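The values are calculated or read from the model by the stated rules, or taken from the named source; none is laboratory data. On a predicted model such as this, the values are computed, not experimentally measured, just so you know. Heads up, the Cβs are rebuilt from the backbone with ideal geometry, glycines too, and the neighbour counts pull from every protein chain shown. The accessibility values were calculated without ligands, DNA or RNA, using every heavy atom of the protein model including side chains. Shrake-Rupley method; radii C 1.70, N 1.55, O 1.52, S 1.80 Å.
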Amino acid sequence: MSGPEPLQTLYWKEDSLYLLDQRLLPGRIRYRQCRTSADVGAAIREMTVRGAPAIGVSAAFGMVLAAREADRAGTGTGGLKRTAAALRGSRPTAVNLDWALRRMERIIESFAGDAAGELSAALLEEARSILAEDISTNRRIGAHGAALIPDGASILTHCNAGALATAGYGTALGVIRAAAAQGKELRVYLDETRPLLQGARLTALELIQEQIPAVLVTDSCAGYLFSAGKIDLVIVGADRIAANGDTANKIGTYILAVLAGRHRIPFYVAAPCSTIDPNVEDGRGIAIEERDPEEITTFNGVRIAPAGIEAFNPAFDITPAELISALITECGLLHRPCRAGLEYLLAKGEKEDE
Ligand code: MRU
């Protein structure tokens, strides 16, 4: 049984990009209208939109807006490189941002010297393709991953790797959706995911909408859940996967992988091939975004830690490849991810695109 249509993360309408303001969920449903590329950059930085694939798609539309701005100002395509660089820097860990921007830059390069209006139209077409491909990719990830989920499974997930983190359907949550759609009985434990509570606010909302039985727990509950035998498998998304399989995802993911290893429970990562970064050798090369310490010293705008305390707020951590049981991608499953396996997957993905 499926519930109401999931909320739309983003859409393009009449020359603007509309982003569901995820900071307000689940209490309020409001879309932020982005009329300029700077609006899109601000929305990504401020986490109106978040989740690696969703920010990649948003940045692609940001480039459409940038081309239109250049067109109106008659400044040519020179400034578009600067806009791409600014968008790239808006959140440094998720490689999907860079991946989507590269696709847009290829279009710009191929248009050098041509009429600017045509360039905007071509960029809009590319951004729309990136959006549509993201949803179909997630459905394929779901189909491959569902095979790993036994009927009756108790699943632990972290952060939000659902429809809200993508253009639709989701990666880790897409696998859970696909398994539920096959009629499997599931129970999902979801970490609240401090400090921004993507689990408690967003994943909880998606699971309720899907009518999949779900239980919210604090992040520090994980050890107890494993030792009480309540978890059969863990599934999370990813922001960047290095060439050797080391994976960056929301802070707290590494703790779950260590616990899963200790308790011999499968730990799965679900992500599109665009999250694999062959240019980064291993996890040490992945830039970890540090966010404002105020996110942890305050709660809902109210100070909870005493003034004067130092706080450290990295948004992601690295799970070493050896702790990952399998990577679930649109091109198939990769058990025990390693350099050669990832190269094979990327080559397979390129072949399928031809
Ligand atoms: O800081 P966020 O909310 O953008 O972090 C999101 C995550 O860590 C997700 O797990 C990841 O982007 C995968 S989303 C399909």
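Laid out as a table, the results:
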quantity	calculated
Label-point separation in nm, A132 to Y224, each point 7 Å along Cα→Cβ	4.9 nm
Cα gyration tensor shape for segment 281-341, rounded if a/c is under 1.5, else prolate or oblate	prolate
Between segment 256-280 and segment 25-89, the alpha-carbon center distance in angstrom	29 Å
Global form of segment 167-318, assessed from the alpha-carbon gyration tensor, a/c cut-off 1.5	oblate
Gain in span if fully extended, T75 to E343, counting 0.36 nm per residue against the direct Cα distance	92.4 nm
Amide H contacts of T298 (H built 1.01 Å from N, under 5 Å, at least 5 apart or other chain)	I304
Cα point-scatterer Debye curve for segment 10-137, base-10 log of I(q)/I(0) at q = 0.12, 0.16, 0.22 Å⁻¹	-0.40, -0.71, -1.31
222 nm mean residue ellipticity, helices alone, for the chain (DSSP H n ≥ 4; -39,500 (n - 2.57); rounded to 500)	-12500 deg cm²/dmol
Size of the chain as Cα extents on the principal axes (Å, biggest first)	65, 53, 42
Protein-only accessible surface order, largest first, of S136, S227, S325 at 1.4 Å	S227, S136, S325
Reach of K250 by Cα under 21 Å, taken over lysines that are not fewer than 8 positions away in the same chain	none
Cα gyration tensor shape for segment 225-287, rounded if a/c is under 1.5, else prolate or oblate	prolate
From the C-alpha gyration tensor of segment 136-214, square roots of 5λ in Å	19, 15, 10
Computed FRET value (nearest 0.05) for A121 with E354, which takes r as the C-beta separation and R₀ as 35 Å	0.90
